[in-house]
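What follows is one structure encoded as structure tokens, with my remarks underneath.
The values are calculated or read from the model by the stated rules, or taken from the named source; none is laboratory data. Predicted model, so just to flag it, every value in this text is computed and none were measured. All Cβ positions, even for glycine, are placed from backbone atoms using ideal geometry, and neighbour counts span all protein chains on display. Surface accessibility is based on the protein's heavy atoms, side chains included, excluding ligands, DNA and RNA. Shrake-Rupley method; radii C 1.70, N 1.55, O 1.52, S 1.80 Å.
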Amino acid sequence: MELQLKGKVAIVLASSKGLGYAAAEALAAEGAQVTLVGRSAASLVEAAARLKVKTGIEALTVEADITSAESIKRIVEMTVERYGTVDILVNNCGGPKPGKFDQLSDEMWQEGFELTLLSYVRAIREVLPYMRKGGFGRIINITSSSIKQPIETLMLSSTFRVGVVGLAKTLAPQLAQEGILINTVGPGRFATDRVEQLDELAAEQRQISIEEIQAAEAARIPIGRYGAPEEMGRLIAFLASPANSYMTGQSLLADGGTVTAI
Ligand code: NAP
């Protein structure tokens, strides 16, 4: 299948590592121009070098914290300055703070909202004029499997990610006639730096090795292993492409079959 991504311009938020980077690499491998975003300059340099080696694409890198409205504006402005437009937006963010309901203060709720939901709203608002002008747009929101199966210890994620689903579902019909499609993906457990840190923490807390934690986690996944970030990258590349021409407003889990609810 030809994804027809050659020359398309993509912004991927929070993309110096992990799932964001994997999405950027999958898009670049199909010939798209990409903007990488993250807070650490060193991680961005490393990510851009890796992307160049793997795909031949020279990414634009923007050092920015996506929780600020000004940063989101700057990311879009710099992309348009370099490439002339924006065709694809992959919304992604760092994971919100873990915690059960009783452990969360107003400040933590506010922070979680700004990171996981408001940053996505702002990015969509900034890219829409360019997508409308070009008569083409693809927006993909990275969330979590908590959109279908809430996770008790991840109260902020389980609350705000569902907000992203509502946002996408409400926007989809409003944008459909303009050639702009918006979909949401929910990862289960992928082997990224963040998940490794979480596994290390769990190993420390339970006084067992990280290998034991990982084996126990993998055993809970019907496919029997963690996802590889590239597997999420390929799904996002399809959703972001002209080859996806009829799917909008949908939420898709990539979780190795973990969530069994319909
Ligand atoms: P990761 O490996 O920690 O990567 C996060 C990326 O986001 C890094 O490039 C990081 O760079 C950037 N970032 C974080 N906060 C940022 C901010 N405020 N502004 C700009 N960039 C920021 O995480 P991941 O595992 O790929 O997860 C990505 C998202 O998917 C998270 O929201 C996570 O909760 C969700 N998720 C992941 C999984 C999984 O299995 N991996 C499962 C469910 C949900 P800097 O730190 O340099 O900014």
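Of the residues making up the range 215-235, those that are within 23 Å of the chain's Cα centre (by Cα) and in a helix (DSSP H, G or I) are 217, 218, 229, 230, 231, 232, 233, 234, 235. How do the pairs read when you match residues in the range 237-262 that are under 27 Å from residue 216 (Cβ atoms) and among the β-branched types (Val, Ile, Thr) with residues anywhere that are at pLDDT 95 or above and assigned to a helix (DSSP H, G or I), using Cβ under 9 Å and keeping only pairs 6 or more apart or on different chains? As it stands, the answer is 258/145; 259/145, since those pairs meet every condition given. Could we say that residue 13 is crowded, with 23+ Cβ neighbours inside 10 Å, in the same structural domain as residue 125 (by TED's automatic domain parsing) and under 28 Å from residue 146 (Cα atoms) here? Against the criterion (crowded, with 23+ Cβ neighbours inside 10 Å, in the same structural domain as residue 125 (by TED's automatic domain parsing) and under 28 Å from residue 146 (Cα atoms)), residue 13 qualifies.
Within the range 203-250, the set of residues being surrounded by fewer than 19 Cβ atoms within 10 Å (Cβ to Cβ) and among the polar types (S, T, N, Q) comprises 205, 207, 209, 244, 245, 250. When the strands (runs of 3 or more DSSP E) confined to the range 1-63 are screened for residues that are aliphatic (A, V, I, L, M), those reaching at least 3 such residues are found at 9-12, 33-38. Taken as a whole, the structure leaves residue 198 outside the set of residues that are part of a helix (DSSP H, G or I), open to solvent by 40 Å² or more (accessible area, probe 1.4 Å) and more than 10 Å from the ligand (Cβ to nearest atom). Do we find a residue being under 17 Å from the mean Cα position of the chain (by Cα) and among the basic types (Lys, Arg) anywhere in the range 130-150? Checked the range 130-150: at least one residue is under 17 Å from the mean Cα position of the chain (by Cα) and among the basic types (Lys, Arg).
The requirement of being open to solvent by 40 Å² or more (accessible area, probe 1.4 Å) and within 16 Å of the ligand (Cβ to nearest atom) is satisfied by residue 152. As for the range 116-139, it holds at least one residue that is more than 23 Å from residue 8 (Cα to Cα), of a type in the set (Val, Ile, Thr), in the same structural domain as residue 239 (by TED's automatic domain parsing) and open to solvent by less than 40 Å² (accessible area, probe 1.4 Å). Residue 66: in contact (Cβ under 8 Å) with a residue 40 or more places away in the chain, farther than 21 Å from residue 185 by Cα, open to solvent by less than 20 Å² (accessible area, probe 1.4 Å) and not in a strand (DSSP E or B), yes or no? So residue 66 does not fit the description; no.
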